[in-house]
Amino acid sequence: TLVGIGVQRCFKRFPSNMKQSRIHKTHSQLSHLIMSCLYLVPHMHYYQGFHDIAVLWLMTVGFDTALAMLAQLADCHLRDFMDVNMERTMSMMSFIYDIVGFRDAKLESALQESGVGTVFALSWVITWFSHVVDNTSLALRYHDLLLASHPFMPLYVTASIVTSRQEQIYACDGDLSEVHQLLCKMPEESLLENHLLDAMLLFEMFPPSRFGEARASKCFSIVRFADFQVGLSDQAPDSRISKEKRRERRELERRQKASGRNGLLQIGVGGGLRTESRAAAALKAGNRHGNSDQDDTGDSDSVSYAQQARRFALVGLTASVGVASYLLWAVGADIFL
């Protein structure tokens, strides 16, 4: 299988005095690590070069931590490399020229005219330089930066290396084979640390937001990285504490509001019942008084008094029922909201 072929190529990460039995055991662990990662993120596809990253982490942090790291990065920083084909990877690689052109437009034109493309840096980017940096400590130094940075940081490191060779590139006079041969070579190990620092400077001066949203959005890694950053911010202690305090504040305000409305409801209903009782008594008295007056004297003032009493009673009943109904609705709305 492709995984087995890749695993068999990982000898350079093993100490020279490593026993053969230990090598076989590490190969078995590496195969298991890669297959476990692909099981955790089944929508990803293995690519040649993934094993270079996996073996470095396996040898450094152990199986469990390496698996957690690989599963997370496979769905974020390495997302475009693990697509079903190389289309998104090559689209991502094209941004190298944008970064070079930002620093030196003349150099970008020379590279474009030579037709060298970006294939020379493919193994650098998709393996996070693990394939081309033999010194394990230095390779880990590169990974320290790339793990803590934007998914495009390997492109900035590549652009730093390319721009450092501008005079040599000009000397090739646009010859494709000469330019390609020149760029395929990694700088001396003593210079590699400088390129990491320069890459960070380039990133600050020319961030990925300058590439244009339309082009950058084609890269899954950028989209996933944005989601990843949001997730990290939500897990930050300060963020979690602030959210908890806001939640407690909202709960306290809701309880105070409910308590106030319940008290108002009791007052309203109690007052309504008292008003209703008085209105009923007035209505009864008005009826009795009106009937008695009409039977005995038919006095118009008595009739008028009875009518006013009835009106007062009806208004009182209507008002008390209206207030009680509104308060019941308000409390109910607060509960459901």
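From the phi angles alone, apply the Karplus equation (6.51, -1.76, 1.60; θ = phi - 60°) to region 3-12 and give each ³J(HN,Hα) in whole Hz, x where the residue is Gly or Pro.
The phi angles translate into 5, x, 5, x, 4, 5, 9, 9, 5, 5 Hz.
Tally Lys and Arg at +1 and Asp and Glu at -1 over the other residues with C-beta under 13 Å from the C-beta of ALA139: what net charge comes out?
Values: positive: LYS12, ARG13, ARG141; negative: ASP52, ASP134, ASP144, GLU189, GLU193.
So the surrounding residues net to -2.
Expressed in nm to one decimal, what extension gain is obtained for the pair LYS19 and PHE63 from 0.36 nm per residue of sequence separation less their Cα-Cα distance? All intermediate terms of the calculation are to be shown ahead of the outcome.
Working: separation 44, 0.36 × 44 = 15.84 nm, distance 1.95 nm.
In short, 13.9 nm is gained.
Loop-only check: which trypsin sites (Lys or Arg not before Pro) in region 1-63 are DSSP coil with at most 10 other Cβ within 10 angstrom?
Details: sites: ARG9, LYS12, ARG13, LYS19, ARG22, LYS25; in loops: ARG9, LYS19.
Sites meeting the loop and neighbour criteria: LYS19.
Within 11 Å, Cβ to Cβ, of MET44, how many net charges do the neighbouring residues add up to if Lys/Arg are +1 and Asp/Glu are -1? Before the final figure, lay out each step's value.
On the way: positive: ARG79; negative: ASP75, ASP80, ASP83.
The answer is -2.
Less than 11 Å Cβ to Cβ from PHE102, Lys/Arg counted +1 and Asp/Glu -1: what total charge do the surrounding residues give? Walk me through the numbers before you get to the answer.
Working: positive: ARG103, ARG210; negative: ASP98, ASP104, GLU108.
Residues close to PHE102 contribute a combined charge of -1.
If Rh is defined by the Kirkwood formula over all Cα pairs and Rg also comes from Cα, what ratio Rg/Rh do you get for region 1-137? Spell out each step's value before the answer.
Values: Rg = 17.0 Å, Rh = 16.4 Å.
My calculation of the ratio gives 1.04.
Between VAL132 and ARG247, what length comes free when the chain is fully extended (0.36 nm per residue of separation minus the Cα-Cα distance, one decimal in nm)?
Values: separation 115, 0.36 × 115 = 41.40 nm, distance 5.12 nm.
This chain segment gains 36.3 nm when fully extended.
Simple spin-label model, 7 Å along Cα-to-Cβ: ASP175 to LEU191 in nm?
2.0
Each value in this text was obtained by applying a stated rule to the coordinates, not by laboratory testing. Small disclaimer: the values here were computed from a predicted structure and weren't measured. Note: ideal-geometry Cβ built from the backbone for every residue, glycine included; neighbour counts use all protein chains shown.
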